[in-house]
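Taking it in order: structure first as structure tokens, then the write-up.
The values are calculated or read from the model by the stated rules, or taken from the named source; none is laboratory data. Here the structure is a predicted model, which means the values were calculated and not measured. Using ideal geometry, Cβ is built from the backbone for each residue, glycine included, and neighbour counts are taken over all protein chains shown. Side chains are part of the model used for accessible areas, which takes the heavy atoms of the whole protein and leaves out ligands, DNA and RNA. Shrake-Rupley method; radii C 1.70, N 1.55, O 1.52, S 1.80 Å.
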Amino acid sequence: MVLADPQSERMILGAVLDDPSCFESIELVDEDFQDADCRTAWTKMRQIIDAGKRPDLTMLGAEMADRPKFLSELQPITAANASYYADRIRECSKRRGIVAILRKAKELIDGPADAVLEAIEAGLVELQGQDRRDLRMLRDLLDPAMELIEERYKLQGRPPGIETGFHRLDAPLGGLRNGNLIVIGARPSIGKTA
């Protein structure tokens, strides 16, 4: 069982150095990193980005001057595979969490069975709650939803975009809108050109 992936941890740092805009979409937290140097570098990168600056090796070097060997091995790489590396890091982090839960259960095993089960369940619930990708604050969702509802009400049933003239197409698409590329396809010989 793999509990850490130091290569992926270094690769994700290199990806953020290449393209800091991928930092937010990666959604990793400091605790996801097993390697102490990578965890420190991630924390420093987050602080640099939060300050509105673009992280680079020079800035990171100023923040981590006591780790020259680590910094010399860190290189910017393409951010194209950042989500893959982030998934690997998250997977290892979850496995470490599971191991910690099982170790705690092992310590409690001589006690009442219900206490052991409760400890395992509480640990697993906490670990499940750490999957931050699908969680959003209600206040962040409410304003855009209310704006969409008000816009639809003002349009009185018409699509918000430019109508195509095909009502069955306008209903799911909401008409044609700026910035959208819509590709319509179907199996051969079913009348696309008719």
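Things to note:
- Whole-Hz couplings from phi, Karplus 6.51/-1.76/1.60, listed for the stretch 146-152; x for Gly and Pro: 5, 4, 5, 5, 5, 4, 5
- For the peptides 160-166, 94-100, the ranking by mean Cβ contacts within 10 Å, running from highest to lowest, is 94-100, 160-166.
- Accessible area of Met146 in the full protein assembly, 1.4 Å probe (Å², nearest 10): 90
- Solvent exposure of Asp114, expressed as accessible area, is near 110 Å², computed with a probe of 1.4 Å over the protein chains only.
- Each residue of the stretch 44-54 was assigned a 3J(HN,Hα) from its phi angle through the Karplus expression (A = 6.51, B = -1.76, C = 1.60, θ = phi - 60°), giving 5, 4, 4, 5, 5, 5, 4, 7, x, 10, 8 Hz with x at Gly and Pro.
- Contact order normalised by residue count of the chain, Cα under 8 Å, 6+ apart, percent: 21
- In the list (1) 18.1; (2) 20.3; (3) 21.3, the label attached to Kirkwood radius over Cα pairs in Å as derived from the coordinates here is (3).
- Phi-based couplings in Hz for the stretch 6-23 (Karplus 6.51, -1.76, 1.60; Gly and Pro marked x): x, 5, 5, 4, 6, 5, 5, 5, x, 5, 5, 5, 6, 9, x, 5, 7, 4
- Applying both filters, DSSP loop and at most 10 other Cβ atoms within 10 Å, to the trypsin sites (Lys or Arg not before Pro) of the stretch 163-194 gives Lys192.
- Over the chain: helical MRE at 222 nm, DSSP H runs n ≥ 4 each giving -39500 (n - 2.57), nearest 500: -18500 deg cm²/dmol
- Against the main long axis of the alpha-carbon atoms of the chain, helix 113-129 sits at an angle near 50°.
- Å² of accessible area per residue within the chain, as computed with a 1.4 Å probe and no ligands counted: 71
- Calculated FRET efficiency, Arg95 to Leu142, Cβ-Cβ distance, R0 = 25 Å: about 0.10 to the nearest 0.05.
- Most tightly packed first, judged by the mean number of other beta-carbon atoms within 10 Å of their residues, the peptides 117-124, 78-85 read 78-85, 117-124.
- Among the lysines of the chain, pairs at least eight places apart or on separate chains and with Cα atoms under 27 Å apart come to 6.
- Measuring with a 1.4 angstrom probe and ignoring ligands and nucleic acids, Leu141 comes out at about 80 Å² accessible.
- Within the accessible area of the stretch 22-74 (1.4 Å probe), percent carbon and sulfur: 49
- Using alpha-carbon coordinates, inclination of helix 82-108 to the longest axis of the chain, degrees: 50
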